[in-house]
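Asks: Below you'll find the structure I mean.
Nothing in this text is a laboratory measurement; each read-out follows from the coordinates by a stated rule. All values derive from a computational prediction rather than experimental measurement. Please note: Cβ atoms are built from the backbone with ideal geometry, for glycine as well, and neighbour counts cover all protein chains shown.
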Amino acid sequence: MKDFWALTRAWAVSLRRDRTALFWSFAFPLIFIVIFGIAFKNTNPTYDVGLVLPQQQDPTAAAFVQGLQHVGSFKLHEGSESAELAALKDGKRSVVAVVRPPANASASPAPSGVAIDVYLDPAQLQATQVVMPILRAVADRVDRQVTGTQPLVRIEERSVRAQNLKYIDFFLPGMVAFSVMQGGLWMAVVFIQLREGRVLKRFGATPVSRPVVVGSQTLVRLVVSIIQSAVLVLAGRFMFNAHIGGNPLVLAALIVLGGLLFLLLGAAISGLAKTEEAAVPIVNVVAMPMMFLSGVFWPVATFPSFIQPLIRVLPLTYFGDAVRQLMTSGTRIAPLWADMAVMAAWVVVAALLAVRFFRWE
Amino acid sequence: MATGTDAVVTAVGDGADTPAAQVIDLHKRYGSVQAVRGISFTVPRGTIFGMLGPNGAGKTTTIEILEGLREPTSGATYVLGREIRRDGKRVKDRIGVQLQTPSLFPQLTVREVLHLFATFYSRRADVDELIGAFGLGESAGRKTSQLSGGQQQRLSVALALVNDPELVFLDEPTTGLDPQARVALWDVIARLRERGKTVLLTTHYMEEAERLCDELCIIDHGQIVAQGSPAELIARNFHEQAVTFQMDPPPDVEALRLLPGVASVAVDPPDVACYTRDLTGTMAGLLEWASAMGRPLDNLLVRRASLEDVFLKITGRRLRE
Ligand SMILES: Nc1ncnc2c1ncn2[C@@H]1O[C@H](COP(=O)(O)OP(=O)(O)OP(=O)(O)O)[C@@H](O)[C@H]1O
Ligand SMILES: [Mg+2]
């Protein structure tokens with residue numbers, strides 16, 4: 001264990017003295033945040049939400065509508081089902097919520113429940129990533145109001161009142177995920193330096209075990225990712241008044257999962273490249289599509305539908321989505337399970353690739 | 001991690017009677033390259049054992065197989081009485097390794113690297129003492145990436161001693177050192193032997209091998225071509241003195257061999273060496289032959305045979321730095 005902590009310290013000290021690494025880990029993403037934050041300061045995206053209400057008055061439906069009216073970034077359009085769905089097809093709505101009356105209201109003595117069908121435009125992935133959690137949260141609140149249960153999670157209460165989603169609220173989580181990805185993938189270069197500089201080989205001549213070498217490096221990198229994310233989040237919060245929801249521990253857990261995923265991919269890439277120079281294009285080939293397609297900063301709505309399947313396999317899509325859901329709507333962990341499951345599957349894939357390709361010398 | 005008690009127990013178990021290192025019929029192939037072809041030797045405890053050979057002879061391959069860093073194609077190696085591939089942790093705790101290419105943390109200082117490596121082992125040498133012994137006092141606080149090549153080389157050797165090892169592997173320890181630093185390092189190595197340590201080193205320098213090694217093997221093309229103490233090797237190959245000169249194009253070897261007293265002739269253009277038991281006869285014959293042929297004898301010298309001559313005789317090549 002002594003050797004583990006000594007190595008951890010050595011990696012950390014090495015990193016702290018490496019100006020280039022510090023720049024890319026901290027200064028560069030921060031500069032990004034500042035530039036985008038300033039450029040889009042006054043852009044508050046609004047989402048067109050189509051509403052189809054039942055014929056007769058229903059208290060639950062009314063409460064739901066009232067809840068939606070409080071969400072500042074929602075622009076509500078009430079209309080007939082066919083008209084609203086047509087508008088959705090034309091790209092004029094982000095989502096359409098159809099509130100259906102209770103099927104057999106008389107059968108149950110409890111307050112009536114309504115079913116809400118939500119129609120999405122898959123091309124507007126990014127919009128739905130923001131809209132869906134809010135819809136869910138509103139419905140959840142209405143549910144609790146009607147049934148009389150006390151809200152258990154205050155964070156959700158707050159998030160429902162998160163009125164104005166500004167561009168920064170939208171951009172910041174993407175930037176967090178993106179930076180963690182970059183940090184992991186570019187570790188390929190560090191691994192190559194350690195390999196070609198024979199540092200890894202030199203450890204092989206000491207009693208230090210490989211898990212200790214790998215584990216200490218991983219620990220340092222994950223801590224760096226968490227610090228990096230914290231810096232970005234705080235910068236967004238204090239410089240641009242970004243809205244930040246969600247439990248920080250859940251965010252940290254997501255970053256650990258995502259950090260591990262991309263670190264493993266970086267390790268695999270390091271094995272594929274003989275030199276640092278050779279690793280650069282490989283990292284770019286992996287990073288670029290995710291940067292553009294995963295919806296972390298650019299709306300994916302503009303991408304044609306044939307690209308959507310690709311978008312749906314990229315790990316950053318899920319990582320970015322999870323971080324955004326958490327930060328914008330302060331959701332509980334439950335809605336994140338799907339994202340986390342895909343990410344976990346990707347961790348397994350990346351680990352297999354790393355085991356297959358990583359080289360010690 | 002082995003405790004102090006553990007170390008004592010294994011030291012007893014291994015006994016000082018097992019050799020420090022043993023190589024039995026070692027072969028190593030890289031694709032189509034046969035780097036090592038059937039090398040066997042034994043390094044007794046408390047000695048300095050040298051592997052001498054030209055570039056590409058297979059020295060690094062052999063030493064790194066012993067260190068557990070490369071896999072042999074066939075053959076066996078024992079280090080401190082154990083197989084390093086089975087007992088890695090335990091053996092590695094008690095050996096010191098210097099790789100041919102220095103491998104250091106670029107961002108850490110000399111002192112930090114030494115302290116870091118010291119935590120890997122159950123025994124520790126005094127880091128400050130090492131820094132002093134290797135003349136690194138002034139650069140102890142500098143990053144290793146800012147050291148000169150020679151300083152890096154010295155640190156790399158110092159790192160091999162950070163666990164006060166029983167057996168030290170040094171792969172060309174003095175390459176890149178200035179003459180003063182080289183002599184200082186020879187002193188450090190000789191003192192290791194005084195303290196009962198064993199050293200296995202490779203070198204290109206005849207002088208180094210002659211001065212330091214108790215036992216020496218000359219490796220060429222992956223095979224041992226001669227083995228013994230430096231004095232033995234010279235005595236076994238030469239009872240003669242060497243008359244050397246330069247001539248280009250090279251002379252007819254047969255004609256030289258027929259000169260009075262000449263035992264053998266070695267030519268490595270433009271260098272020519274005649275080994276003789278009858279110096280006066282050979283010199284007279286040689287001068288007569290040269291004037292008859294009308295060819296000048298450039299840089300004519302007479303000296304005692306050295307390891308250099310042994311090497312030239314055995315491999316037909318000169319060992320160049
Ligand atoms: N990893 C490797 N892959 C392929 N061939 C190798 C490898 N390492 C060494 N060789 C080849 O094996 C032979 C022996 O190399 P080795 O490094 O053991 O020689 P050496 O005696 O240490 O030489 P030098 O004095 O230059 O250090 C050389 O022909 C070399 O090209
Ligand atoms: Mg070598």
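Asks: Return the FRET efficiency for the residue pair B:Leu279, B:Glu194: r is the Cβ-Cβ distance, R0 is 35 Å, and the value is rounded to the nearest 0.05.
Replies: That pair, B:Leu279 with B:Glu194, gives E of 0.35.
Asks: From the backbone phi of segment A:2-15, what are the Karplus-calculated ³J(HN,Hα) couplings (6.51 cos²θ - 1.76 cosθ + 1.60, θ = phi - 60°) in whole Hz, Gly and Pro given as x?
Replies: Using θ = phi - 60°, the values come out as 4, 5, 4, 6, 5, 5, 4, 5, 4, 5, 5, 5, 4, 5 Hz.
Asks: Right, something else. I need B:Cys274, B:Cys213 ordered by Cβ neighbour count within 10 Å, fewest first.
Replies: Taking fewest neighbouring Cβ atoms as first place, the list is B:Cys213, B:Cys274.
Asks: Given H placed 1.01 Å from N in the peptide plane, which residues other than close sequence neighbours of B:Ala226 have an amide H under 5 Å from its amide H?
Replies: Those qualifying (amide H under 5 Å, at least 5 residues apart or on another chain) are B:Ile218.
Asks: Give me A:Asp58, A:Asp90 ranked fewest to most by other Cβ atoms within 10 Å of their Cβ, as a rough exposure proxy.
Replies: The order, fewest Cβ neighbours first, is A:Asp90, A:Asp58.
Asks: Another one. Other chains near A:13-25: what is the mean number of their Cβ atoms within 10 Å of each residue's Cβ?
Replies: 2
Asks: For B:Phe169, A:Phe319, A:Phe74, what ranking results if the residue with the fewest other Cβ atoms within 10 Å of its Cβ goes first?
Replies: Placing the least packed residue first, the sequence is A:Phe74, B:Phe169, A:Phe319.
Asks: Counting only C-alpha contacts under 8 Å and six or more residues apart, can you give the relative contact order of chain B as a whole percent?
Replies: 18
Asks: Still on this structure, please answer the following. Per residue of segment B:216-225, in order, report the coupling 6.51 cos²θ - 1.76 cosθ + 1.60 (Karplus, θ = phi - 60°) as ³J(HN,Hα) in whole Hz, putting x for Gly and Pro.
Replies: These are the phi-based 3J(HN,Hα) values: 9, 10, 9, 10, 9, 6, x, 10, 7, 9 Hz.
Asks: Output the antiparallel fraction of DSSP beta bridges having both residues in chain B, as a percent to the nearest 5.
Replies: 65
Asks: Given H placed 1.01 Å from N in the peptide plane, which residues other than close sequence neighbours of B:Cys213 have an amide H under 5 Å from its amide H?
Replies: Here nothing satisfies the definition.
Asks: Between B:Ser74 and A:Lys41, what is the label-point separation in nm under the 7 Å Cα-to-beta-carbon projection?
Replies: 7.8
Asks: A:Lys274: which lysines have alpha carbons under 27 Å from its alpha carbon, excluding same-chain residues fewer than 8 sequence positions away?
Replies: Within reach: A:Lys201, B:Lys28, B:Lys59, B:Lys143.
Asks: Could you give me the ³J(HN,Hα) list for segment B:273-288, computed from phi with Karplus coefficients 6.51, -1.76, 1.60 and θ = phi - 60°, whole Hz, x at Gly and Pro?
Replies: Result, rounded to whole Hz: 10, 10, 9, 9, 9, 10, 4, 4, x, 5, 4, 4, x, 5, 5, 5.
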